[in-house]
Each structure stands twice: as C-alpha cells, then as structure tokens.
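Down below is the structure, laid out as structure tokens.
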Amino acid sequence: MEILIRPWRMEDLPAVRRILWESWMAAYSAFVPEEDLRAYHAATYRIESLTPLHESPFAHGFIGEADGEAAGFARTQFNKSENRLFLASLYLLPDFQRKGIGGRLLRAAEEKALAYNLGDLWVGVMGQNEAARRWYEKRGFRFVREEPFRMGGTTVPHLIGYRVIGESN
C-alpha cells in the first residue's frame, strides 16, 4: 500500500466530513448517542464551517492517502495567546487503522509545531476513547487535565495532554 501525507485542499472537504463521520461512529457511538453525533457533525463540520478553517493561517490540515484514497485526516490549530499548537483532529477510516497512516499524520503535526518553533504538541482525547488514549500514550503523550466536551446533548470527559517533540516513543 502506498501512503502519502499531504496538505488538505478545498476539494478534500467532503472526504474530511466522511472520515470524521465514519471514524466517530466507530469510536464514539458506544458512549455518545448517534443523534448527538449527527447534531454535532452537522453543526460543526458543514462545508461552510470547514472552509474558514481551511483558509485560516493558524489551522493546518493533512490528508493521509492510501493508494490514492483519502483514508485519514489530521488538523492542527495554533493558539497564539497560549503559544501552543493543538492537534485538533486525527481520524482514520476504520479499515485503514493500524497501517501506519496515523503515525505519519502525527509526524506531520509535529513538523508543523517545529515550524512554529515549539517544543511540544498538545492533544485532546475523549476519556472513554481508551484505544485513542493508549495510542497517544504509547507515543509519549502525557495527559495532564480533564475538561468537559459537549457533542449535541451529551457531555463527555476530554483529556488534554502533550508530547515533547523529539522524545523517544
């Protein structure tokens, strides 16, 4: 399988929506009702909502392709007031997990942090998404606080953590 990580383009936005939806259903439907997932997805990830993110100089998106097909998506968001780069999204279609695409998307995010002259990368993970939490911990992320995160009518614990870039995994 040929894997390519590249910057997102406007024409990728429908694929981003699909990746988000399918990965959310696989990861979150055990603890967030589908109607709340649908409401959040519809409100937050319409093409009209993604377009300003795509155009923002502080947001950077990446598409992970497998044999020319969009299989994953990552997005970073620079918070100027905190001087931090957040990995705001990293999602893979379920059929493309465990193929190295997630790690390569993570490396793209780390490279973006280095471009901002930062020494760490921050991430948030839903507390009940144990597989994702373990994946990040295995790569050296330390979770240091918890905040509520609301999707539709459901509030879940959201773990916030960071990884020092350059530490061995």
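Of the residues examined, Met126 is not one that is over 22 Å from Phe58 (Cβ atoms), touching an Asp or Glu at 6+ places or on another chain (Cβ under 7 Å) and open to solvent by less than 30 Å² (accessible area, probe 1.4 Å).
Pull up the stretch 160-169, narrow it to residues that are open to solvent by 30 Å² or more (accessible area, probe 1.4 Å) and modelled with pLDDT of 95 or more, then point me to the one that is nearest to the chain's Cα centre (by Cα).
Start the filter on the stretch 160-169 by keeping residues that are open to solvent by 30 Å² or more (accessible area, probe 1.4 Å), which leaves 162, 164-169.
Within this subset, residues satisfying the condition of being modelled with pLDDT of 95 or more are 162, 164.
Working: Tyr162: 14, Val164: 18 Å.
Filtering the stretch 160-169 for residues that are open to solvent by 30 Å² or more (accessible area, probe 1.4 Å) and modelled with pLDDT of 95 or more, the one nearest to the chain's Cα centre (by Cα) comes out as Tyr162.
Only one residue in Arg84, Arg75, Arg134, Arg107 is open to solvent by less than 40 Å² (accessible area, probe 1.4 Å), modelled with pLDDT of 95 or more and basic (Lys, Arg). Which one? Before you say what the answer is, go through the steps one by one.
Numbers: Arg84 fails: open to solvent by less than 40 Å² (accessible area, probe 1.4 Å); Arg134 fails: open to solvent by less than 40 Å² (accessible area, probe 1.4 Å); Arg107 fails: open to solvent by less than 40 Å² (accessible area, probe 1.4 Å).
Every option except Arg75 fails the conditions.
Consider the stretch 1-41 and keep the residues that are under 15 Å from the mean Cα position of the chain (by Cα) and hydroxyl-bearing (Ser, Thr, Tyr). The one that is nearest to Gln77 (Cα to Cα) is Ser23.
When Val32 is tested against (1) open to solvent by 30 Å² or more (accessible area, probe 1.4 Å); (2) aliphatic (A, V, I, L, M); (3) not in a helix (DSSP H, G or I), exactly one condition is not met: (1). In the stretch 56-72, how many are open to solvent by 20 Å² or more (accessible area, probe 1.4 Å) and over 25 Å from Ala26 (Cα atoms)? Going through the stretch 56-72 one residue at a time, the tally reaches 3.
Consider Leu53 carefully, then state whether it is hydrophobic (A, V, I, L, M, F, W, C) and open to solvent by less than 30 Å² (accessible area, probe 1.4 Å). Taking the combined requirement at face value, the residue does not satisfy it.
The values are calculated or read from the model by the stated rules, or taken from the named source; none is laboratory data. Since we're looking at a predicted model, the values are computed, not measured. Backbone-built Cβ (ideal geometry, glycine too); neighbour counts: all protein chains shown. Calculation scope for accessible area: heavy atoms of the full protein, side chains included, ligands and nucleic acids excluded. Shrake-Rupley method; radii C 1.70, N 1.55, O 1.52, S 1.80 Å.
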